[in-house]
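Quick notes on the structure that follows.
The values are calculated or read from the model by the stated rules, or taken from the named source; none is laboratory data. Remember, predicted model here, so these are calculated numbers, not experimental data. Cβ: placed from backbone, ideal geometry, glycine included. Neighbour counts: every protein chain shown. Please note that ligands, DNA and RNA were not included when accessible areas were found on the heavy atoms of the full protein model with its side chains. Shrake-Rupley method; radii C 1.70, N 1.55, O 1.52, S 1.80 Å.
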Amino acid sequence: KGAAIFQLEQRNHIAHINFFKRAAGDLYIDPFFGLGQVFSGTSDFKWGNLQPTGGLGFRFQIPPGMLARVDVGFSREENFQVYTLLNYPF
């Protein structure tokens, strides 16, 4: 019924890329670190039960409103996971 998540992310601009002079976008690389816990009720939350996770995200944004995203995250419980998204950045 509940979750606690604490996350840090550093967005780093890598390059501005032009596609055949018709479209342009910006590439970012984002290392991240987080702590989290899922719990049934607030009385089940324990600071010592927070699980760490970390990884690297790649973002490609084409203004005014297209975002491609790939995140690779690592944790103790599930070696690694890959998350992808192609969407509007709002």
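Annotations for the structure displayed:
- Of the criteria (1) open to solvent by 70 Å² or more (accessible area, probe 1.4 Å); (2) in contact with a Phe, Trp or Tyr (Cβ under 8 Å, 6 or more places away or on another chain); (3) within 21 Å of Glu78 (Cβ to Cβ), which one Gly48 fails: (2)
- Yes/no for Gln61 being in a strand (DSSP E or B) and either open to solvent by less than 50 Å² (accessible area, probe 1.4 Å) or touching a Ser or Thr at 6+ places or on another chain (Cβ under 7 Å) (or both): no
- Apart from one condition, Phe20 fits all of (1) out of contact with any strand residue (DSSP E or B) (no Cβ under 7 Å at 6 or more places or on another chain); (2) open to solvent by less than 50 Å² (accessible area, probe 1.4 Å); (3) hydrophobic (A, V, I, L, M, F, W, C); the exception is (2).
- The set of residues in the stretch 1-28 being part of a strand (DSSP E or B) and either among the aromatic types (Phe, Trp, Tyr) or under 20 Å from Ser75 (Cβ atoms) (or both) consists of Gly2, Ala3, Ala4, Ile5, Phe6, Gln7, Leu8, Glu9, Phe19, Tyr28.
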